[in-house]
Amino acid sequence: MASRKILVVQKYGGTSVGNIERIKAVAKRVARTADEGKGVVVVVSAMSGETDKLIALANGVSSSPPEREMDLLLSSGERITSALTAMALEELGKRAMAFTGRQVGIITDTLHTKAKIEKITAGRVKEAVKKGIIPVIAGFQGITETSDVTTLGRGGSDLTAVAVAAALKADACEIYTDVDGVYTTDPNIVPEARKLDRISYDEMLELASLGAKVLQTRSVELAKKYNVPLVVRSSFNYNPGTVVIKEDEEMEHVVVSGIAYDKNQAKITVMGVPDRPGIAARLFSSIAEADLVVDMIVQNVSSDGKATDISFTVPKTDSKKALNLTEKIVKGLNAKGVALRDDISKVSIIGVGMRTHSGVAAKMFATLAKHNINIIMISTSEIKVSCVIDAKYTELAVRALHDAFGLKKK
Ligand code: ADP
Ligand code: ASP
Ligand code: MG
């Protein structure tokens with residue numbers, strides 16, 4: 001039996017396809033991979049800034065744009081780059097074909113602007129690969145069973161790439177971006193950040209979900225679930241990048257492996273709610289029913305046994321919805337009021353070694369205190385500690401923590 005050709009999925013992010021010169025450079029890179037004798041499937045993002053531009057256009061005509069139409073609008077950014085990249089490949093003498101999410105058979109649920117992939121048929125992509133044609137897939141989008149266009153949440157082209165790699169049982173999924181790989185923290189904020197040669201799925205999942213946008217959280221979840229071999233690399237050079245793999249013994253020696261920050265957070269506080277059973281259940285089930293994801297929750301024990309405060313955080317993009325809902329529920333409860341604060345951010349330290357080390361949280365608090373940064377909320381898990389702070393101290397906190405936990409380049 002003839003051995004199967006190696007198949008790689010290559011995803012190029014917004015900056016990597018940010019202008020015509022970049023698209024031509026990406027096409028050259030893809031062609032080079034094909035010339036090495038590999039099968040290659042390409043996934044592209046919209047040109048950098050394009051998705052934000054489309055959102056601004058929508059907000060220009062509507063105070064709350066209908067989500068179905070929003071998705072149709074947003075999916076167009078990726079369609080443009082997929083068509084242009086396929087054209088650039090043809091210009092280099094390669095056979096290429098651009099595909100939309102629909103043409104790839106990426107079927108999602110109906111949760112517009114953050115849809116979940118339910119299945120991928122990928123018939124036409126497989127057919128193209130078999131014929132030696134390079135498929136160039138528009139990332140970030142899918143289609144519902146009833147043919148409405150959906151998008152997969154910000155950064156969703158990463159998810160397209162991983163899902164396509166899983167569906168095709170590809171040998172590798174390479175995520176090409178504007179930095180050399182996954183670093184100990186955002187290298188654009190801390191120039192001394194160190195590139196990691198490898199990172200475990202679990203640590204990457206924490207880093208991503210706590211704000212490191214280098215990989216979309218759900219793409220890492222899917223990669224872990226289907227064991228998709230992930231590599232994060234730069235499209236601007238040929239440096240080796242970061243491999244995301246299963247945890248191994250060597251990794252456990254590191255207590256803290258990374259620092260993340262998330263400025264897309266808002267805090268809602270309900271003041272003076274009655275301190276009796278069932279209140280939190282009522283509030284948070286309504287919020288969950290509206291598909292809003294709550295992150296941290298803090299409730300104080302009331303000092304007089306009667307009234308208490310509940311605070312929780314939601315993504316900034318959902319804060320207005322969450323505030324309206326909370327106000328509605330709280331009305332019937334005789335609470336003192338509801339307040340929204342969106343000048344906050346969350347900084348987090350992450351590391352699998354925390355499982356077996358004590359004093360890590362204390363060191364984090366002491367570091368923030370040394371820089372006079374007040375902690376508004378705290379949450380911990382087995383492998384992370386997060387603090388909500390005043391947004392204006394985000395960069396200072398990230399740098400101080402990166403330093404305190406010895407993550408700098410040697
Ligand atoms: P793309 O458009 O290629 O998808 P993104 O902007 O979504 O790229 O993600 C890459 C960016 O992620 C980097 O430019 C960097 O600023 C940011 N980033 C945040 N945390 C990290 C980290 N720990 N390692 C690398 N990059 C990070
Ligand atoms: N263009 C989309 C975004 O800006 C998806 C992506 O880039 O992955 O979020
Ligand atoms: Mg991205």
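Probing with 1.4 Å while keeping every protein chain in the model, the per residue accessible area of the chain equals 47 Å².
Highest average first, the peptides 173-182, 62-71 ordered by how many other beta carbon atoms sit within 10 Å of their residues are 173-182, 62-71. For the pair residue 304 and residue 280, label points projected 7 Å from Cα toward Cβ lie 2.2 nm apart.
Given +1 at the Cβ of Lys and Arg, -1 at the Cβ of Asp and Glu and no other charges, the dipole of the stretch 56-206 around its Cα centre is 680 debye to the nearest 20. Highest mean first, the peptides 6-16, 234-244 sorted by other C-beta atoms within 10 Å per residue fall in the order 6-16, 234-244. The charge dipole of the stretch 144-183, taken about its Cα centre with unit charges on the Cβ atoms of Lys, Arg (+1), Asp and Glu (-1) only, comes to about 100 debye. Per-residue ellipticity at 222 nm computed for the chain from its helices equals -10500 deg cm²/dmol, with DSSP H segments shorter than 4 residues left out and the rest contributing -39,500 (n - 2.57). How far, in degrees from 0 to 90, does helix 50-61 lean away from the longest principal axis of the Cα atoms of the chain, to the nearest 10? Roughly 60 degrees between the two axes.
Given +1 at the Cβ of Lys and Arg, -1 at the Cβ of Asp and Glu and no other charges, the dipole of the stretch 273-410 around its Cα centre is 380 debye to the nearest 20.
Within the accessible area of the chain, the carbon and sulfur atoms contribute 52%, probe 1.4 Å, all protein chains present. Along the axis of the charge dipole computed for the chain (Cβ charges of +1 for Lys and Arg, -1 for Asp and Glu, origin at the Cα centre), the listed residues 311, 16, 84 are led at the positive end by 84.
For the stretch 261-410, the residue among 323, 273, 361 whose Cα projects farthest onto the positive side of the dipole built from Cβ charges is 361.
Axis angle, to the nearest 10 degrees, between helix 157-168 and the longest C-alpha principal axis of the chain: 60 degrees.
With Cα atoms defining each centre, the stretch 70-105 and the stretch 330-404 are spaced 41 Å apart in the structure. By the rule of a C-alpha distance below 16 Å, with chain neighbours fewer than 8 residues away ignored, the aspartates and glutamates paired with residue 410 are 192, 197. Of the residues 333, 297, 120, the one whose Cα sits farthest toward the positive end of the charge dipole of the chain, with +1 on the Cβ of Lys and Arg and -1 on the Cβ of Asp and Glu, is 120. Accessible area of residue 127 (1.4 Å probe, protein heavy atoms only, ligands and nucleic acids ignored): about 100 Å².
The values are calculated or read from the model by the stated rules, or taken from the named source; none is laboratory data. Keep in mind it's a predicted model, so treat the numbers as computed, not measured. Using ideal geometry, Cβ is built from the backbone for each residue, glycine included, and neighbour counts are taken over all protein chains shown. Accessible surface is based on the protein model in full, side chains and every heavy atom, while ligands, DNA and RNA are left aside. Shrake-Rupley method; radii C 1.70, N 1.55, O 1.52, S 1.80 Å.
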